[in-house]
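The values are calculated or read from the model by the stated rules, or taken from the named source; none is laboratory data. Nothing here was measured: the structure is a model prediction, and the numbers come from that model. Every residue, glycine among them, receives a Cβ derived from its backbone with ideal geometry; neighbour counts consider all protein chains shown.
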Amino acid sequence: MRTITLEEHFAIPRFLDGPGRGLKEQALKFGGPAAKLFEQLGDLGDKRIAEMDAAQIDMQILSLTSPGAEQLEAAEAAPLARETNDLLADALRRRPTRFGGFATLPTADPNAAAAELERTIHDYGFQGALINGHIQGRYLDDKFFWPIFERAEALNVPIYLHPTQPPKPVIEASYGGFAPIVTDMLAGAGWGWHIETAVHVIRIILGGTFDRYPRLQLVVGHMGETLPFMLQRLDVMPMAMTKLSRPISSYLRENVHYTFSGFNFTPTFLDLLLQVGVDRIMFSADYPFASMAQARAFLDQLPLSTADRERIAHGNAEQLLGL
């Protein structure tokens, strides 16, 4: 069975010396697992391929790890995005059957971001773009950013909306008051990343983005970032109130796709399956932050028909990404 994973990360030196320097400092300070993670992020060659082979992963769609370029000013984000995409394109040329790519965009300058998206699709054959949450506290429902969505729809490629830390005032108000390490985890992987991403998706819907760009497709990870569990509850905001052309749940079923990305928990998967259907779900591992082998084992044990497992493992990704 062919397998394609969509939330798989890498890093380049310019990123690690800039917005990702925390990862580098962690590796230098703690060594051990952090150092290995640092090494894995930097590898787009034989070691990564060997790990993929061992876990029976056929293809990774690669993206720059969080926080990406979203917290940079436009003048800093543009060269980082271009260098990242050029280096990723080289990896794709060397291993075209094993790697695909989501572009890094200078989102602080939406017109430049739209142009960079088009460049990576036309020149390099990338499959879309990945955006790491809010842009210095501004969300993508802001029409300022809509040139990115307009170009993605025109190019028929998805935008993967990846988690990032909430804005600092949110962290202070909702997650502060504990030991720093607890606040960091509560605002991050333990809770806040996922709630932050869910709120961002809801804002994009309520902002009328999909009414303006009805063919636009988003992808979110971690079994839906809590959205499937609340899908029907969101419809307590009726169309007469939202002024949208469809119920909120309709956009979540027709304009959003969902990946595993390290969230290997069967009850959560079953809720996602019941809420959005098998054609909206795609396999992912969240490498190197989670184990490819564990993700593959989880996929293999899910209570699915052979046909549905094939859709999730590769078929849905092939259709969405034009693979």
Exercise. Mind listing whichever residues of segment 224-248 are among the small types (Gly, Ala, Ser) and surrounded by fewer than 19 Cβ atoms within 10 Å (Cβ to Cβ)?
Key: Ala240, Ser245
Quiz prompt | Filter result for the condition that a residue is in a helix (DSSP H, G or I) and either within 20 Å of Arg98 (Cβ to Cβ) or in contact with a Ser or Thr (Cβ under 8 Å, 6 or more places away or on another chain) (or both), over Gln319, Gln275 | solution = Gln319
Practice problem: For segment 287-306, enumerate the residues that are assigned to a loop (DSSP other than H, G, I, E, B) and either within 20 Å of the chain's Cα centre (by Cα) or exposed (fewer than 15 other Cβ atoms within 10 Å of the Cβ) (or both). | Solution: Tyr287, Pro288, Phe289, Ala290, Ser291, Pro303, Ser305
Quiz item: Looking at Ser284, Ser250, which one is on the phi < 0 side of the Ramachandran plot and either without any contact (Cβ under 8 Å) to a residue 24 or more places away in the chain or of a type in the set (D, E, K, R) (or both)?
Solution: Ser250
Quiz item: Considering segment 183-215 alone, what residues qualify as being under 16 Å from Glu225 (Cβ atoms) and part of a loop (DSSP other than H, G, I, E, B)?
Solution: Gly188, Ala189, Gly190, Trp191
Quiz item: Can you find even one residue in segment 191-202 that is more than 17 Å from the chain's Cα centre (by Cα), surrounded by 20 or more Cβ atoms within 10 Å (Cβ to Cβ) and at pLDDT 95 or above?
Solution: no
Practice problem: Select from segment 53-86 the residues that are small (Gly, Ala, Ser), assigned to a helix (DSSP H, G or I) and crowded, with 23+ Cβ neighbours inside 10 Å and list them in ascending order. | Solution: Ala77, Ala81
Exercise. Just give me the residues in segment 93-127 being part of a strand (DSSP E or B), out of contact with any Gly (no Cβ under 6 Å at 6 or more places or on another chain) and of a type in the set (A, V, I, L, M, F, W, C), in sequence order.
Key: Phe99, Ala103
Quiz item: Among (1) farther than 23 Å from Thr5 by Cβ; (2) crowded, with 18+ Cβ neighbours inside 10 Å; (3) not aromatic (Phe, Trp, Tyr), which single condition is Gly188 missing?
Solution: (1)
Quiz prompt | Within segment 101-140, considering residues that are at positive phi and among the small types (Gly, Ala, Ser), the one surrounded by the fewest Cβ atoms within 10 Å (Cβ to Cβ) | solution = Gly137
Exercise. Please go through segment 168-203 and pick out each residue that is β-branched (Val, Ile, Thr) and free of Cβ contacts under 8 Å to residues at least 12 places away in the same chain.
Key: Ile181, Val182, Val199
Practice problem: Consider only pairs whose beta carbons are under 7 Å apart and that are at least six residues apart or on different chains; among these, list those whose first residue lies in segment 209-225 and is farther than 15 Å from Trp193 by Cα and whose second residue is acidic (Asp, Glu) and surrounded by fewer than 24 Cβ atoms within 10 Å (Cβ to Cβ). | Solution: Thr209/Asp141; Tyr213/Glu150; Tyr213/Glu153; Arg215/Glu153; Leu216/Glu153
Quiz prompt | Set Ala89, Ala50: member being free of Cβ contacts under 8 Å to residues at least 24 places away in the same chain, within 29 Å of Gly315 (Cβ to Cβ), in a helix (DSSP H, G or I) and not basic (Lys, Arg) | solution = Ala50
Quiz item: Of everything in segment 141-157 that's among the aliphatic types (A, V, I, L, M) and under 23 Å from Glu196 (Cα atoms), which residue is surrounded by the fewest Cβ atoms within 10 Å (Cβ to Cβ)?
Solution: Ile148
Quiz prompt | Unique match (being buried (at least 21 other Cβ atoms within 10 Å of the Cβ), modelled with pLDDT under 95 and touching a strand residue (DSSP E or B) at 6+ places or on another chain (Cβ under 6 Å)) among Ser284, Ser261 | solution = Ser261
Practice problem: State yes or no: is Ser261 in contact (Cβ under 8 Å) with a residue 24 or more places away in the chain, among the small types (Gly, Ala, Ser) and in contact with an Asp or Glu (Cβ under 8 Å, 6 or more places away or on another chain)? | Solution: yes
Practice problem: Pairs only if they're at least six apart or on different chains, beta carbon under 7 angstrom, first in segment 97-124 and closer than 30 Å to Ile49 by Cβ, second surrounded by fewer than 24 Cβ atoms within 10 Å (Cβ to Cβ) and basic (Lys, Arg); list them, first residue then second. | Solution: Glu116/Arg82; Leu117/Arg151; Glu118/Arg151
